[in-house]
Structure formats: structure tokens, C-alpha cells
Amino acid sequence: MMLVLVEVPDEAALKVLRQQPTVQIVGILTPPAPVRKPSIAGLVGSLSDETAQRMRTETTQMRNEWERDF
């Protein structure tokens, strides 16, 4: 069996296709629900102030280590 994607112009055409399984020519699959990506707005406030400050401090320290002269 081969799986192909078919664009159907209207409901009437879809109705005709849905009648085809009785003839075993085509089968209609329902597409999976699209996955919603989480919004950045949902992340606001997810870190405590202490954690955020510690992350900023560590990031600054890491940047300084890369920028030092040898």
C-alpha cells in the first residue's frame, strides 16, 4: 500500500472519496491534530529572581573567561 496526500477541492469531492472504501480503492485518513508550540509569554515568571540573577552572573563569568588575554 502506498500513502499519498491528496488535496480535495470541496466537501462534495470528499463525500465521493469517503464512499470509495466500499470498493476498496482508497481509504481516508484523518490528519493528526497540529502540535502547538508553547508561547514565550507562558515562560515569563517561570524563573525565580534568585535563579535568574545567578544565571546572569554565571553567564557574565563565562563570557569573561573567553575574553581574557593569554
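Annotations
- A search for C-beta distances below 6 Å between a residue of the range 32-45 that is farther than 29 Å from Leu5 by Cβ and surrounded by 10 or more Cβ atoms within 10 Å (Cβ to Cβ) and any residue that is at pLDDT 75 or above and among the β-branched types (Val, Ile, Thr), counting only pairs 6+ apart in sequence or on different chains, returns nothing.
- Residues of the range 1-15 that turn out to be assigned to a helix (DSSP H, G or I) and surrounded by 10 or more Cβ atoms within 10 Å (Cβ to Cβ), as a count: 3
The values are calculated or read from the model by the stated rules, or taken from the named source; none is laboratory data. Computed from a predicted model, the values in this text were never measured in an experiment. Positions of Cβ are backbone-derived with ideal geometry, glycine not excepted, and every protein chain shown enters the neighbour counts.
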